[in-house]
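Please treat every number below as a calculation from the coordinates, not as lab data. Since the structure is predicted, the reported quantities are computational estimates derived from the model, not experimental observations. Reconstructed Cβ throughout: ideal geometry from the backbone, glycine too, with neighbour counts over all protein chains shown.
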Amino acid sequence: METMKKTFWALGLLLVISACKTDKKPAWADLNENIIAEYEVKGRTRTDVPDTGIHSNLEDAKVTNLKDLKTVSLADGVNAKVYWGMGALMAVVELEAGASMPERVIEGERFLFVREGEIEELVNGEKRTLIARQREEQGPLTSAAPVHEFVYLQDGAPTAIKAGPNGAKILEIFSPVSTFYLDAVGYGSIPDPISIEGFPVKPNVEPGVVLNLDELQYAELVPGANSRIISGKGVQMSFLRMNPNTTFARHIHPEEQTMLAFNGWIDEIILDDVVRMKEGDIVNLPPNLVHGGDLGPYGCDAMDVFFPPRTDYDANSKVRLDGYHKIVPMGAKAKLLINGSESEPTLVFTEGPAWQNGKLYFSNMYFDENFNGDPKKSSLVEMDPNGAYRNIVQNKMQTNGIIPLEDGTLAVCDMFGHRILKMDTKGNILKVLADKYDGKPLDGPNDLVMDSKGGIYFTDPQFTGDAVKSQPGRSAYYLSPNGEVKRLLEPNSYAMPNGIALSPDGKTLYINNTFDDRESWDVNSDKENFIWAYDVAEDGTISNERKFAELYLTRGILDKLEKSSGADGMKVDAEGNLYVATYAGVQLFNDKGEFHGIIYVPDYPVNLTFGGADMKTLYITTHDKIYSIPTKIGKS
């Protein structure tokens, strides 16, 4: 009886498949039916997937590569690789410097993404420049975050595209299938376009507004796979990042899916076959065709295009956005306060911000291109809320983490001086709080946090220029209120312990790990790209080490098989949400370690703190710049 039920269910799906494309049974249908029954694959059904009369130029369920598609010349210096399914068309277009595409009017809807270079596009009757910028390799003097601008235009909007002085590479996605491109490839008899009105998913971006793809929030699809989801009326794009070693179980859905791999690789399960998809590989998966995937050590970035838009993906996106906007107000973006490469005094590598007495204090650390520091070129800076700033200490010490003390002074990590200092806000040293452990000098106090008793937790990753270190390895410590220093971690149990924070009740300590599996760093660990949590005892010691949250890794790190998140400064708000400065931006987690999103910052965030009149403004240090963004919760 059970076998009969599976067979009837599979046959029902097969009818949906046939209705979507043609009355003729697809060649793969019998095999698909058997796999559905064998693996007990469950799926959704929908009755609004139309037969468009358009036949894909990709063979169903067969992987090919963009380079194997015919190159289509659209104009002088403009060439495209074009592929399509029954309801969406994708065109990867390369434009030489100054080249232009023919001016035309959008039919249906079109999304244009700049992948490389820059273009000039007609948006709402005005010429707008859209750009792409790749993420800079993280270093002491480089920190720019990626930018990939895009725009959504609807039926009747004019489009006129011209490449910038260095040329451009763009991606256009249309629904319904663009007759302009079908004519260009010589499709033959083109059916009348279908209507894309009436599908249940509504566009989640405004037409005619230039946006940055890298600013959009990720929605979780399955554990280890997150996606920036963009929906139109008739098409939906899923810009997918799949973590190393993630698995997609065999599954089906009633929407057509066309997949393009960008980076890394995935062993894509298609029916009963497994095909490794790498950069430039594409595949068209008709509705309800069984597929899945296994990720290798590099993970994979890809774009899935669905026709029609998926309601479940739309719901996933809204869930993640709701969590993010419980912390960050709708529409809030990081605002540039200081560009220290253009103003005086010059800023090089800003760190350790702290709010005290209505002003922001931060370290201005000097590093050269090889991360060699120099206290004689460093300073401690005071900033007014309006962004005006000045050095209060200069050419004497290379400070790092700073925290405010209740008496209006500051506790400051003098990293290259191997000590923690108590200083006033004019830059005067009032007291040495700690400079030794076990009778030997500290190596390089980095970041710190104070508990309710006046004790200070601090990290020491030995990130100084001293050839010989005093302590046996990288660790974290507790400076008790009576001045005793206790080591909390086994030396070198972290590759680079850095950011440190306490829960609002003081019962949980958090520590992150900046580098791991990095060839240039001589210690690896089992801490990898995680934030770790510990129970705090009455005497300040810690126990019950456990993973708290997994930090996102950027593509360049994954390509090197590293686990270096760049995690640095951390802060906890009044509700226990954790804010972590990383290569990927400011990553947000709730008090259970659940991911809530990433605050996009145009440069690599190094550290952060709460400030402002209501203590709800988040100040972010990023190499030579200072940013701020409002939050809803802030520091109590």
Relative contact order as a percentage, the range 64-325, C-alpha pairs under 8 Å and 6+ apart, gives 19 percent
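Return one quarter of the surface area of the convex hull spanned by the alpha-carbon atoms of the range 110-259, equal to its mean projected area, in nm².
Values: hull surface 49.3 nm².
Averaged projected hull area, Cα only: 12.3 nm².
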Relative contact order in percent for the range 335-630 (Cα pairs under 8 Å, 6+ apart) equals 14 percent
Partner aspartates and glutamates whose C-alpha sits under 17 Å from that of LYS25, ignoring same-chain residues fewer than 8 away, are GLU33, ASP51, GLU59, ASP60, GLU256
Exposure proxy check on TRP532, TRP84: fewest-to-most Cβ neighbours within 10 Å is TRP532, TRP84
Cα-Cα longer than 31 Å, checked against LYS42/LYS527; LYS318/LYS560; LYS169/LYS592; LYS24/LYS70; LYS233/LYS333, kept in input order, equals LYS42/LYS527; LYS318/LYS560; LYS169/LYS592
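So for THR246, THR129, fewest C-beta neighbours within 10 Å to most, what's the order?
Details: THR246 20, THR129 13.
Going from least to most buried by this count: THR129, THR246.
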Taking the dipole of the chain about the Cα centre (Lys, Arg +1; Asp, Glu -1; charges at Cβ), the one of ASN65, THR514, HIS291 that reaches farthest to the positive side is THR514
Between THR64 and ALA388, the FRET efficiency computed from the C-beta separation at R0 = 56 Å comes out, to the nearest 0.05, as 0.45
Computed from the beta carbon distance with a Förster radius of 35 Å, FRET efficiency for GLU342 and ASN370 to the nearest 0.05 stands at 0.90
Quick shape check on the range 69-126: root eigenvalues a ≥ b ≥ c of the Cα gyration tensor, a/c under 1.5 is rounded, otherwise prolate if a/b tops b/c, else oblate, and it reads oblate
Hydrodynamic calc, the range 64-325: Kirkwood Rh from Cα pairs, then Stokes-Einstein at 10 °C with viscosity 1.306 mPa s, so D in µm² s⁻¹ is 84 µm²/s
Between VAL209 and ASP48, Cβ-based FRET efficiency (R0 30 Å, step 0.05) works out to 0.60
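Which semi-axes, in whole Å and largest first, does the equivalent ellipsoid of the range 335-630 have when worked out from the alpha carbon gyration tensor as the square roots of 5 times its eigenvalues?
Numbers: eigenvalues 119, 100, 84 Å².
They are 24, 22, 20 Å, listed from largest to smallest.
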Calculated from DSSP helices alone, with each H run of at least 4 adding -39500 (n - 2.57) and the total divided by the residues of the chain, [θ]222 nm to the nearest 500 comes to -3000 deg cm²/dmol
So, with points 7 Å from each Cα along the Cβ direction, the ASP438-ALA249 label distance in nm works out to 4.9 nm
The residues ASP466, ASP214, ASP424, sorted from fewest to most surrounding Cβ atoms within 10 Å, come out as ASP466, ASP424, ASP214
For the chain the mean separation of alpha carbon contacts under 8 Å (6+ apart) over residue count, i.e. relative contact order in percent, is 10 percent
